[in-house]
Amino acid sequence: MRSSPITARIADGVASIPADEWDACAGSGNPFVRHAFLDILERSGSAGVQTGWQPLPIVIDGSDGRAAAIAPAYAKSHSQGEYVFDHGWADAWERAGGRYYPKLQVAVPFTPVPGPRLLLRDAAMAPALISAIEAVTDQNRLSSAHVTFLAEEQLPWFEAAGWLTRAGTQFHWHNQGYASFDDFLGALASRKRKAIRKERAQAVEGLTIRHLTGAEITEAHWDAFWAFYQDTGSRKWGRPYLTRDFFSLLGAEMADEVLLILAERDGRPIAGALNLIGADALYGRYWGAVEEVPFLHFELCYYQAIDAAIARGLARVEAGAQGEHKLARGYAPVTTWSAHYIPDPSFRRAVADFLERERQAVEREQEWLGEMTPFRRGD
């Protein structure tokens, strides 16, 4: 690691690091970077060599012999399941005679949720951990390293290290101290308020909506949700990323952080939305249905999530990647961030030029999107 006296190591998967050491670095606010969630991805066969996500956590141990800084890193043989698209970079590099894969990815697999990517007991360890990521990339002659859906407060560390940064857009709902869903609706323009009430009424007609968490979630519920997930996955990306075992393990080990919202017709689940509960946010992750019902997607994924966040006093709902249709439902555009380390000078210059032009486009788009929110404009 250059001239640093600190030594980093590559661990053999998340399971090789004691959970208490990992979580002492990760904290408890974001469930996706906790040891349990990442370990479940590995043990279920969802993330592994066989799926092109070889776990290679980069660890710096403290003077007490315990992990003091961790980067949840993976060697990637493709660019699937990342939601920050670099296929054009890969094509350009390989047309120029380079080899883009494998690359190093610091991320939560299949999870476009912003959060810490440098897991630190001591923030002073951040520069050393970034240097370790660079060293792994350089020593193994990898094309690049990518830190995706990076918490904004960690971005300055990567900028100081000279990494390229990339902006994207998601849509989050923000709780302005609402006491109820009707209280939230009161902040919207009259026309938008009426449209949402109409959508909600149509969506739930003849259905029962259930919120399940903890021990309320059974294997029968996971069987139903697996059918929903497979249907959505096959239509969106061809092959579902997660295995059936993932959901059983999630229910067994993180059930209190799971909120499963189901729509039932005559006692039979026909659609569902899976959320994880964080310290200050509700994270919408997966949705699916085996019956087409107008507006049911919006009801389960967006409106019921708002209901749940208000009831729990959570500050926001993060409803996943993309989706300008969320604007009309009270979700506002926010900027997401990633950071990229590209050792080759020529390749770096080309990517830097692309990112500068892309960022200008993202800024213009967000200005336009910000004017499309349904909230009332003054008195």
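When segment 294-324 is limited to residues that are under 21 Å from V84 (Cβ atoms) and outside any strand (DSSP E or B), the one that is nearest to the chain's Cα centre (by Cα) turns out to be Q322. The single residue among T165, T169, T213 that is under 30 Å from T7 (Cβ atoms), in contact with a strand residue (DSSP E or B) (Cβ under 9 Å, 6 or more places away or on another chain), surrounded by fewer than 18 Cβ atoms within 10 Å (Cβ to Cβ) and not acidic (D, E) turns out to be T165.
Is one or more of the residues making up segment 184-197 basic (K, R) and either within 20 Å of the chain's Cα centre (by Cα) or in a strand (DSSP E or B) (or both)? No: zero hits. Let me confirm something: among T243, T336, which residue is in contact (Cβ under 8 Å) with a residue 24 or more places away in the chain, closer than 23 Å to H174 by Cα and open to solvent by 10 Å² or more (accessible area, probe 1.4 Å)? Of the residues listed, the single one that is in contact (Cβ under 8 Å) with a residue 24 or more places away in the chain, closer than 23 Å to H174 by Cα and open to solvent by 10 Å² or more (accessible area, probe 1.4 Å) is T336. Restricting segment 39-81 to residues that are part of a helix (DSSP H, G or I) and without any contact (Cβ under 8 Å) to a residue 40 or more places away in the chain leaves a set whose member that is most open to solvent (accessible area, probe 1.4 Å) is Q50. Just to be sure before I move on: is L262 under 27 Å from G206 (Cα atoms) and open to solvent by less than 10 Å² (accessible area, probe 1.4 Å) in the structure I sent? Yes.
S28 passes every criterion in (1) part of a helix (DSSP H, G or I); (2) in contact (Cβ under 8 Å) with a residue 40 or more places away in the chain apart from (1). Any residue at all in segment 200-210 that is surrounded by 20 or more Cβ atoms within 10 Å (Cβ to Cβ) and assigned to a helix (DSSP H, G or I)? Within segment 200-210 (the criterion being surrounded by 20 or more Cβ atoms within 10 Å (Cβ to Cβ) and assigned to a helix (DSSP H, G or I)), the answer is yes, since at least one residue qualifies.
Filtering segment 329-350 to residues that are touching a strand residue (DSSP E or B) at 6+ places or on another chain (Cβ under 6 Å) and either within 22 Å of A92 (Cα to Cα) or among the hydroxyl-bearing types (S, T, Y) (or both) leaves Y331, T335, T336, S338, A339, H340, Y341.
Of the numbered criteria (1) of a type outside the set (A, V, I, L, M, F, W, C); (2) in contact (Cβ under 8 Å) with a residue 60 or more places away in the chain; (3) over 30 Å from E365 (Cα atoms), the one P294 fails is (3).
Residues in segment 187-198 that are closer than 14 Å to D307 by Cβ and in contact (Cβ under 8 Å) with a residue 24 or more places away in the chain: I196 only. Scanning segment 355-374 for residues that are surrounded by 15 or more Cβ atoms within 10 Å (Cβ to Cβ) and either out of contact with any Gly (no Cβ under 8 Å at 6 or more places or on another chain) or of a type in the set (A, V, I, L, M) (or both) yields L355, R359, V362, Q366, L369. Out of the residues in segment 120-149 meeting the condition of being in contact with a Gly (Cβ under 8 Å, 6 or more places away or on another chain) and not small (G, A, S), tell me which one is surrounded by the most Cβ atoms within 10 Å (Cβ to Cβ). Once the filter is applied, the top-ranked residue is F149. Could you please let me know if T148 is farther than 23 Å from A319 by Cα and either within 22 Å of the chain's Cα centre (by Cα) or among the β-branched types (V, I, T) (or both)? So T148 fails the test.
The values are calculated or read from the model by the stated rules, or taken from the named source; none is laboratory data. Everything numeric in this text was worked out from a predicted model, so none of it was measured. Quick reminder, even Gly has a Cβ in these numbers, built from the backbone with ideal geometry, and neighbours come from all protein chains shown. Just the protein is used for accessible areas: all its heavy atoms, side chains included, with ligands, DNA and RNA removed. Shrake-Rupley method; radii C 1.70, N 1.55, O 1.52, S 1.80 Å.
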